[in-house]
Structure formats: structure tokens, C-alpha cells
Amino acid sequence: MATEQLQPWPAEAPPDPRMTCEAARSRVLGSYALDALENDPELASISAFAAQLCDAPTAMVSLVEEERQRFVARIGISDSETPRSDSFCAHAMLGSDILEIRDAAQDSRFAHFENVIGPQHIRFYAGAPLISHEGAPLGALCVIDQQPRPQGLSDMQRNGLEVLAQAVMRRLRHRREILAAQAEFDLGRKRLETLADSIPNMAWSASADGKFDYFNRRWFDFTGFTESVFESQDFDGAFHPEDRDQWVDGWETALADGSLYEAEFRMRRKDGEYRWMLARGLPVHGSSGQVEQWFGTLTDIHDARSRLEEKDLLTRELSHRIKNIFAVVGGLVALKSKDYPEAVPFTQDITKTLQALNRAHTYVTDEQSDSGDTLQGLLGKLMAPYADLPGTTLSITGDDAAVSGRSATPLALVFHELATNCAKYGSFSVTGGAVDISISVADGTVLLVWQEQGGPPPLEQRSAGFGSRLVEKSINGQLAGKLARDFVSTGLIATLTIPLASL
């Protein structure tokens with residue numbers, strides 16, 4: 001609830017008649033959580049000063065409920081409440097000005113009150129009404145004396161008591177704002193926790209120094225931990241022993257740098273099985289730029305990782321078999337060359353071609369985790385089978401750039417497709433044909449141009465086959481690039497544009 005919504009009730013105005021019924025008053029009184037206001041230091045100071053200002057032995061902040069009046073702050077009296085039937089403040093709160101009783105024993109409204117005829121012996125009473133911002137009468141700030149005061153309060157005392165009553169209402173208003181803000185915060189947190197508990201991932205948060213302060217229900221159900229873990233911060237039992245140091249080092253690095261945290265490790269499920277998790281954590285920076293909080297998720301990737309490992313195993317097996325085929329074919333060529341000595345130069349050339357294709361296959365199947373190569377070096381290895389074709393010319397010119405094993409695979413597919421088609425239909429298919437591959441690196445972009453010359457002119461643009469579609473997907477998906485083909489009279493011109501970061 002915003003502060004500007006809790007404007008004070010207009011001075012010298014009586015309570016709103018619509019707010020004087022007990023149902024409305026009880027609702028408003030409940031919004032202050034009165035139990036927590038008992039002996040409030042600020043209200044106690046106001047009461048003490050009111051007694052001093054009015055030269056009275058007793059002063060109190062009295063809030064009138066349906067059956068009683070509660071003294072949430074008081075001086076000069078030990079009782080914390082009295083019945084509403086004996087309440088002066090129940091009358092004072094209904095007015096627009098201070099209620100002043102100079103001799104209660106002579107006032108027919110109050111002479112029969114127990115606290116008048118009894119040991120308390122109240123004679124003088126002055127109470128400034130306490131009215132909420134919506135006009136509900138709550139009680140009064142009052143001063144009491146056991147002696148009558150025919151002269152009553154002085155003007156200064158009356159003015160002072162009114163000012164102090166306004167201070168009481170400011171304190172009550174502030175209290176109500178805090179409660180409303182806390183209720184709104186609690187509701188928002190409950191909504192967030194409900195949302196977090198509904199997602200299949202495990203969600204967490206941590207303080208700026210890395211202490212975990214929240215896990216959603218999914219995390220507790222998976223690990224079997226209890227909320228006591230927030231106090232101990234002992235998570236060693238949750239991790240596979242071989243992965244713990246990796247998790248700790250990565251998390252400490254992220255905390256020190258204020259950077260994205262991402263890692264894969266095995267976590268122990270409550271039944272004892274270890275499962276692979278993908279952890280991600282994002283820092284929340286405050287206005288000063290410093291990290292104030294961390295939020296993150298844990299995703300169970302065990303099944304997906306297992307499928308990927310099975311796929312990799314199958315790929316390696318297939319690659320091994322294909323390489324065996326190259327070896328068998330190469331062995332047969334070498335064996336037959338003994339029967340035809342005059343064909344030795346030809347068989348040597350064929351053997352080199354097979355070896356180059358084998359290397360290209362290695363890149364395509366991504367058997368190397370890191371090629372450690374450059375763009376020109378990679379193209380040289382991939383195009384080696386076509387470099388010495390009789391009557392043809394191949395040139396690779398221009399800039400160079402580092403190439404990772406991740407990008408080598410789609411690049412190999414692209415140039416293998418271009419070279420294969422060129423050998424079937426283009427410049428490599430005839431004597432005198434030439435292919436020039438030029439590389440240009442500028443403004444974070446790599447431009448590769450494949451230009452054929454001297455080959456048969458293409459009669460029409462060929463339809464895209466499976467290989468071409470695979471190339472398109474590799475370029476768009478893995479390299480975030482574009483490939484444009486232009487079939488001109490001199491031959492194909494293929495332009496490949498790739499962000500340098502994709503290499």
C-alpha cells in the first residue's frame with residue numbers, strides 16, 4: 001500500500017459515519033496488528049511526553065476494541081486494558097476535537113464508571129481522538145489526573161496534545177504501510193514459490209556471497225535434503241565425489257567474477273543414483289553494479305546425455321567402419337598396382353586421393369575435439385584430393401582465421417559438397433577448369449567465395465538434393481551463416497558469409 005494512499009484524516013473533522021460501525025472499525029484495527037504494538041518505544045515516548053506536557057501523572061495511547069480498550073503504550077498505570085464500558089476514550093474518539101472532562105465525578109456520563117468511583121479515582125481526563133485515514137475512530141491519546149482541574153488544559157497543552165495525537169497516527173500509519181508492504185511481498189514470494197514448484201527443473205537462489213537461501217520443492221524431493229541445509233550450507237553429499245571439486249571451483253570463479261555460472265556434474269538422488277545435471281546461475285546486479293543475488297536452475301540431462309553418448313558411440317563405430325573401407329580400398333589399389341607396374345604413378349595418385357578423403361571424413365564426423373587448425377589449413381586438407389587433378393587448377397587465397405573442432409564439421413560438409421558437385425558438373429570435370437577459394441575477414445565477419453572457371457556452363461540452376469539441404473542446415477544452424485549460389489556463364493560462384501565468432 002503506497003504512502004500517498006494513507007493521507008491523514010482532515011484535522012477537526014469528525015469520523016466518517018460509515019466507519020463507526022463495529023464491523024468497519026474492527027477491520028481497520030486489525031490492519032495494524034495491535035499485538036505487535038504493545039509497549040512500542042515510539043508510542044511510549046509520545047505518552048511520556050504527553051504526561052509531561054500536561055503535568056499529568058498518567059498518559060496512554062488507548063485503542064478501543066469491541067469489548068475492551070487496550071493501552072498499547074502507557075505511563076503511570078499498570079493495567080494494559082479495561083472494559084470498554086468504562087472507557088472515556090470510546091467517547092473521545094467519536095469527536096473532532098479534544099474531549100476534556102474537568103471533574104468526572106460531576107459529569108453524569110462518567111460518574112458511574114468503575115475507574116471513577118473505584119481506586120483509580122479518575123477525575124480529570126483529556127483525550128485527543130485517533131482517526132484512521134479512511135475516517136474510522138480508533139481510540140485516543142489521553143492524559144489522566146486524580147484531581148479535578150476546573151481550569152482544564154491551557155491552549156499550549158491542548159495544541160501540544162493534538163500534535164502528539166498526529167504523531168501517534170503517523171506511527172500507526174507507518175506500521176500499517178509496513179504490514180501492507182510485507183503482505184504484498186509475502187504474496188509475491190508465495191506466487192513465485194508456487195511457480196518455481198510447478199516447473200520440472202530444480203530452482204535455487206543464493207546471496208551475493210554464494211550462500212544458498214532457496215530451493216524449490218523439486219530439489220528437496222530429488223535430493224532428500226531438509227531445510228536445515230540452509231543453516232549448514234553442507235552440500236558435499238549431493239555431488240559425485242569426482243565432480244565436487246569441479247563444482248566448487250566453477251562456483252567460486254563465478255562468485256569472484258560476477259559472471260554466468262554454467263556446469264555439468266553428477267548429483268546424488270535420494271535413492272543413491274547419481275544423475276547428470278546442467279547447472280546455470282545468473283547474477284542480479286544492483287544499482288551500484290555489484291551482485292546482490294543469484295538465481296539459477298538445475299536440469300536433469302542424464303537421459304539426454306546417455307542418448308548422446310550412445311549416438312556418439314554409434315557414430316564412432318560407423319566412422320571406424322568407413323575408415324576401414326578406405327583402408328581396404330587403398331590396400332586393394334596397392335595390391336593390384338603390383339600386377340600393373342606401368343600404372344604405379346596412377347595408383348600412387350589414387351592412394352593420395354583416398355587418404356585425403358579419409359582426412360575429410362575425419363572432420364565431417366567430428367572425431368577431433370579440437371582441430372587446432374586455421375581456415376586455410378583446413379581448406380587445404382579438405383581440398384587436397386582435388387589439388388592435383390590433371391589439367392585443373394585450385395587456389396586458396398586471402399585472410400586466415402582460427403578454426404575450432406566444432407566449426408570444422410559443417411565447413412567440411414560445405415566444401416565437400418561443393419567439390420563433389422564441381423567434380424561431377426563443374427570446373428573439376430574438364431581439362432582446363434579452375435577453382436579459386438578466396439577468404440576475407442573484416443568487421444567480425446568471414447566471407448568465403450568459391451568461384452569456378454573454365455568448366456562447362458551450367459544450363460540451369462540445379463535442384464537442391466539431400467547434400468545441399470544438409471549443407472544449408474549446417475550453415476544456418478551450426479555456423480549462423482548464409483550461403484548464396486550464383487550460376488553464371490563462367491561457372492558457379494558460391495558465397496559463404498559466417499560470423500567470425502562462429503569459427
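The values are calculated or read from the model by the stated rules, or taken from the named source; none is laboratory data. None of these values were measured; they are calculated from a predicted model. Glycine gets a Cβ as well: all are built from the backbone with ideal geometry, and neighbour counts include every protein chain shown.
State all residues of segment 72-131 that are more than 20 Å from GLN147 (Cα to Cα) and part of a loop (DSSP other than H, G, I, E, B); if no residue qualifies, say none. Lay out the reasoning, then the answer.
Of all residues in segment 72-131, those more than 20 Å from GLN147 (Cα to Cα) come to 72-73, 80-85, 90-91, 93-97, 129-131.
Residues satisfying the conditions are SER80, MET93, LEU94, GLY95, SER96, ASP97.
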Exercise. For residues in segment 88-102 being of a type outside the set (A, V, I, L, M) and in contact with a helix residue (DSSP H, G or I) (Cβ under 9 Å, 6 or more places away or on another chain), which is surrounded by the fewest Cβ atoms within 10 Å (Cβ to Cβ)?
Worked result: ASP97
For this session: Please work out if TRP204 is within 18 Å of PRO283 (Cβ to Cβ), modelled with pLDDT of 90 or more and not polar (S, T, N, Q).
Result: yes
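Only residues that are free of Cβ contacts under 8 Å to residues at least 24 places away in the same chain and either outside the structural domain of TRP294 (by TED's automatic domain parsing) or in a helix (DSSP H, G or I) (or both): list them for segment 228-246, please.
Our first condition is that a residue be free of Cβ contacts under 8 Å to residues at least 24 places away in the same chain; within segment 228-246, this holds for 228-236, 241, 243-246.
Of everything in segment 228-246, those that are free of Cβ contacts under 8 Å to residues at least 24 places away in the same chain and either outside the structural domain of TRP294 (by TED's automatic domain parsing) or in a helix (DSSP H, G or I) (or both) turn out to be VAL229, PHE230, GLU231, SER232, ASP236, ARG244, ASP245, GLN246.
Does LEU63 satisfy the condition of being within 23 Å of GLU22 (Cβ to Cβ), in contact (Cβ under 8 Å) with a residue 60 or more places away in the chain and either touching a Leu at 6+ places or on another chain (Cβ under 7 Å) or crowded, with 21+ Cβ neighbours inside 10 Å (or both)? Can you show your working first?
Details: within 23 Å of GLU22 (Cβ to Cβ): yes; in contact (Cβ under 8 Å) with a residue 60 or more places away in the chain: yes; either touching a Leu at 6+ places or on another chain (Cβ under 7 Å) or crowded, with 21+ Cβ neighbours inside 10 Å (or both): yes.
Taking the combined requirement at face value, the residue satisfies it.
So, of the residues in segment 145-175 that are among the aliphatic types (A, V, I, L, M), assigned to a helix (DSSP H, G or I) and crowded, with 18+ Cβ neighbours inside 10 Å, which turns out to be nearest to the chain's Cα centre (by Cα)?
The selected residue is LEU172.
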Seminar exercise, completed: Residue set THR431, THR393; condition in contact with a helix residue (DSSP H, G or I) (Cβ under 9 Å, 6 or more places away or on another chain), modelled with pLDDT of 80 or more and surrounded by fewer than 17 Cβ atoms within 10 Å (Cβ to Cβ); output residue THR393
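Can you tell me which residues in segment 1-40 are among the acidic types (Asp, Glu) and surrounded by 17 or more Cβ atoms within 10 Å (Cβ to Cβ)?
At the first step, the residues of segment 1-40 found to be among the acidic types (Asp, Glu) are 4, 12, 16, 22, 35, 38, 40.
Answer for segment 1-40, where residues must be among the acidic types (Asp, Glu) and surrounded by 17 or more Cβ atoms within 10 Å (Cβ to Cβ): just ASP40.
Looking at the structure I just gave you, is LEU43 surrounded by 14 or more Cβ atoms within 10 Å (Cβ to Cβ), in a loop (DSSP other than H, G, I, E, B) and in the same structural domain as ASP145 (by TED's automatic domain parsing)? Steps first, answer last, please.
Details: surrounded by 14 or more Cβ atoms within 10 Å (Cβ to Cβ): yes; in a loop (DSSP other than H, G, I, E, B): no; in the same structural domain as ASP145 (by TED's automatic domain parsing): yes.
It is false that LEU43 is surrounded by 14 or more Cβ atoms within 10 Å (Cβ to Cβ), in a loop (DSSP other than H, G, I, E, B) and in the same structural domain as ASP145 (by TED's automatic domain parsing).
Restricting to segment 100-144, count the residues that are touching a residue at least 60 places away in the same chain (Cβ under 8 Å) and hydroxyl-bearing (Ser, Thr, Tyr). Explain how you work it out, then say what you get.
Applying the first criterion (touching a residue at least 60 places away in the same chain (Cβ under 8 Å)) to segment 100-144 yields 124, 126-127, 129-144.
With the extra rule that they be hydroxyl-bearing (Ser, Thr, Tyr), the set shrinks to 132.
So the count comes out to 1.
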Seminar exercise, completed: Checked segment 473-496 for anything over 15 Å from PHE415 (Cβ atoms), part of a strand (DSSP E or B) and either outside the structural domain of ALA408 (by TED's automatic domain parsing) or free of Cβ contacts under 8 Å to residues at least 60 places away in the same chain (or both); matches are LYS482, ALA484, ASP486, PHE487, VAL488
For this session: Kindly provide the set of residues from segment 247-305 that are closer than 18 Å to LYS211 by Cβ, assigned to a loop (DSSP other than H, G, I, E, B) and touching a residue at least 12 places away in the same chain (Cβ under 8 Å), ordered by number.
Result: GLY258, GLN290
